[in-house]
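> Would you mind keeping the following structure in view while I ask a few things?
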Amino acid sequence: MSDHLVLEIDRVSYSYGGEPVVEDVSLSVNRGEFVGLIGPNGSGKSTLMQLAVGLLRPTSGEVRLFGMPIDRVRDRHRIGYVPQATASRTGFPATVAEVVSTSRAGRRGLFHRSNQADRRAVEHALQSVGMSAFRHRLIGELSGGQHQRVMVARALAGEPELLLLDEPAAGVDAVAKLELLELLRKLVEERGLAVVYVSHDFETLRRYFSKVVLLNRELVFFGTREELGDQHDIQRQLVEAALAADHHDHGGR
Amino acid sequence: MESLIEAIGQGYMQRAILAGLVVGVVCPAVGVYLVLRRLSLVGDGLGHASFAGVAGAWLLGIYPLLGAAVFAVLGAVGIERLRSWRREYGDLALAIVFYSGIALGVVLTSLSRRMSANLFGYLFGSILTVTSLDLLVISVTGAAVLAVLMLVRGELFALAYDEDLARVSGLPVGALNYLVVVLAAVTVVAALRVVGILLVAGMLVIPVAASLQLARSFRQTMIYAVAFGVVSVLGGLLSSYLLDLAPGGTIVLAAVLGFLAAALGRRAGSHRRRTEKI
């Protein structure tokens, strides 16, 4: 079973300026699982993602990837990460294809020039998000939704085994959001990709996610969607979580 | 015109043209990574750090570019250390290196008690007095910088696009950051004799600024920046000879003209596209 284990978050806490942002969270993600990480604003979802990919170090606890402590994982290209949509660098002089190719650099290793396999992976990733026609477009000329799809393609081009997406559907229209979820489901089913999908919109969760994490700084729930019960319950738990968040949270991350 | 052709036949002019070509290619090639990472003023800091090195070498009677190289690389490491220590104060790191360099340079110069025209040449550049040794140093360092840039082109581009994403995908971001500033330091030293300490940063960033007006990809950004760099050096050198102006300043002014032309060209282009749409 352990070779199926992709990501383990083991009693992880993180504080920023003395304020706890994530407290004592434990969860694990296996190959071929589509995990929804749901929580209200300021519940620590993004922070937990950044801890999982090694951009932040836990104040206590440990993150393990592919069975190894994160600091010892050398082939980081096995992780794909789509950060929360930030203001895209509008003036950055790169085409869509060039941006997507940046995820291949870590996979190639230092001093290796890009080759046929890199170009194929970039093309394939662009096709899978329906952005092939935009490959020569400047990255700054895309709409918010198109930009986000390119970021997903960028992560996919690295051919990851674990893909973490931080609110990838923010600012994307409903059709594009469903397309993205369908694409991810296909990758999970066909390639055994493990996906962690952060959202504060839980409407879509029942249909796509095999496991659900409810986070409100602490872990509120972690289990299969069947264990979670009907949607009414989820709503109630989330509302409770959000209320508790407002009570505790002072604009945390 | 005849005198120009005659001048090109002279050794000093040939050395000037060759040194200028190296600088015209290498400065923008490194500068692209500085500009895209919003580190445009790093070249300035490094130039001023190398002033201390030139003055120190002068005092000790050793080859000035060697002193410049030592101080520029130390300045580069200092800038990167301070920058990674407190990321939000990146410009402060620059300012500290900038003023330490120039203050040390001034003090060392005063110690030597012989502020000569030669030292003046390092401040403002004196491409027409480039020696064979200078040309050799400039060519070898220029070639080395280009070779490294080619080797880690993909990595540096990924770093310039997004440092966090580069880190997640497993690139040695810390080491690459040091590499960029050290390459900039070496480039500044190679370009010192041509455009001078006070203007060297201009050659790192102005051709890139011009390129950014027109480029439609990263590849084009690099190619256009180098083209603007080479044209500025040759155009500036030629004009300075014909009009009897200071070559270093004329070269940088030529680069500024190139930037203005590119910016106007861009405006005209977008205006035409708008009217075509209507």
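> Hand me the list of helices (runs of 4 or more DSSP H) wholly inside region B:1-114 holding 3 or more residues that are closer than 30 Å to residue B:218 by Cα and open to solvent by less than 10 Å² (accessible area, probe 1.4 Å).
Working: elements: B:2-8, B:11-36, B:42-60, B:64-85, B:90-112.
By residue number, B:11-36, B:42-60, B:64-85.
> As an exercise: evaluate residue A:78 against (1) within 14 Å of another protein chain (Cβ to nearest Cβ); (2) surrounded by 18 or more Cβ atoms within 10 Å (Cβ to Cβ); (3) touching a helix residue (DSSP H, G or I) at 6+ places or on another chain (Cβ under 8 Å) and give the number of the one condition it does not meet.
So residue A:78 meets the others, but not (3).
> Also, I was wondering about something else. Quick check on region A:21-47: of everything there that is of a type in the set (Ser, Thr, Tyr) and closer than 14 Å to residue A:220 by Cα, which residue is surrounded by the most Cβ atoms within 10 Å (Cβ to Cβ)? Spell out how you get there, then give the answer.
Taking region A:21-47 first, the residues of a type in the set (Ser, Thr, Tyr) are A:26, A:28, A:43, A:46-47.
If we keep only those that are closer than 14 Å to residue A:220 by Cα too, we end up with A:26, A:43.
Values: A:26: 12, A:43: 28.
Among those residues, the one meeting the criterion is A:43.
> Being of a type in the set (Gly, Ala, Ser) and surrounded by 20 or more Cβ atoms within 10 Å (Cβ to Cβ): is that true of residue A:18 here?
Values: of a type in the set (Gly, Ala, Ser): yes; surrounded by 20 or more Cβ atoms within 10 Å (Cβ to Cβ): no.
Judged against the criteria, residue A:18 is not a match.
> From the list B:191, B:158, which residue is more than 14 Å from chain A (Cβ to nearest Cβ), buried (at least 24 other Cβ atoms within 10 Å of the Cβ) and part of a helix (DSSP H, G or I)?
Details: B:158 fails: more than 14 Å from chain A (Cβ to nearest Cβ).
Every option except B:191 fails the conditions.
> Of all the residues that make up region A:54-75, how many are open to solvent by less than 50 Å² (accessible area, probe 1.4 Å) and either at pLDDT below 90 or in contact with a Cys (Cβ under 6 Å, 6 or more places away or on another chain) (or both)?
The qualifying residues number 1.
> Same structure again: List pairs: first residue in region B:164-178 and within 7 Å of chain A (Cβ to nearest Cβ) and more than 16 Å from residue A:108 (Cβ to Cβ), second residue polar (S, T, N, Q) and in a helix (DSSP H, G or I) anywhere in the structure, Cβ distance under 9 angstrom, at least six positions apart or on different chains.
B:164/A:50
Quick grid of which residues meet (1) under 24 Å from residue B:16 (Cβ atoms); (2) surrounded by fewer than 24 Cβ atoms within 10 Å (Cβ to Cβ); (3) aliphatic (A, V, I, L, M):
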site: B:204; (1), (2), (3): yes, no, yes
site: B:228; (1), (2), (3): yes, no, no
site: B:233; (1), (2), (3): yes, no, yes
site: B:238; (1), (2), (3): yes, yes, yes
site: B:242; (1), (2), (3): yes, yes, yes
site: B:262; (1), (2), (3): no, yes, yes
site: B:265; (1), (2), (3): no, yes, no
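> Can I ask one more? Can you tell which of B:109, B:131 is of a type in the set (Val, Ile, Thr), farther than 30 Å from residue A:51 by Cβ and either touching an Asp or Glu at 6+ places or on another chain (Cβ under 6 Å) or free of Cβ contacts under 8 Å to residues at least 60 places away in the same chain (or both)? First the steps, then the outcome.
Details: B:131 fails: either touching an Asp or Glu at 6+ places or on another chain (Cβ under 6 Å) or free of Cβ contacts under 8 Å to residues at least 60 places away in the same chain (or both).
Of the residues listed, the single one that is of a type in the set (Val, Ile, Thr), farther than 30 Å from residue A:51 by Cβ and either touching an Asp or Glu at 6+ places or on another chain (Cβ under 6 Å) or free of Cβ contacts under 8 Å to residues at least 60 places away in the same chain (or both) is B:109.
> Sticking with this one: Restricting the search to region B:134-152, which residues are within 16 Å of residue B:184 (Cβ to Cβ) and within 9 Å of chain A (Cβ to nearest Cβ)?
Here is the first cut: in region B:134-152, the residues within 16 Å of residue B:184 (Cβ to Cβ) are B:138, B:141-142, B:144-149, B:152.
Result: B:152, single match.
> Which of the helices (runs of 4 or more DSSP H) found entirely inside region A:123-209 contain at least 3 residues meeting this: farther than 15 Å from residue A:95 by Cα and at pLDDT below 90?
On the way: elements: A:144-157, A:174-191, A:205-208.
Hits in region A:123-209: A:174-191, A:205-208.
> Could you give me the residue pairs with C-beta distances under 9 Å whose first residue belongs to region B:221-233 and is over 15 Å from residue B:251 (Cβ atoms), whose second residue is polar (S, T, N, Q) and open to solvent by 10 Å² or more (accessible area, probe 1.4 Å) wherever it lies, and which are 6+ apart or on separate chains?
From region B:221-233, the pairs are B:224/B:213.
The values are calculated or read from the model by the stated rules, or taken from the named source; none is laboratory data. What you are looking at is a predicted structure, and each value in this text was computed from that prediction instead of being measured. Backbone-built Cβ (ideal geometry, glycine too); neighbour counts: all protein chains shown. These accessible areas exclude ligands, DNA and RNA; they are computed on the full protein's heavy atoms, side chains included. Shrake-Rupley method; radii C 1.70, N 1.55, O 1.52, S 1.80 Å.
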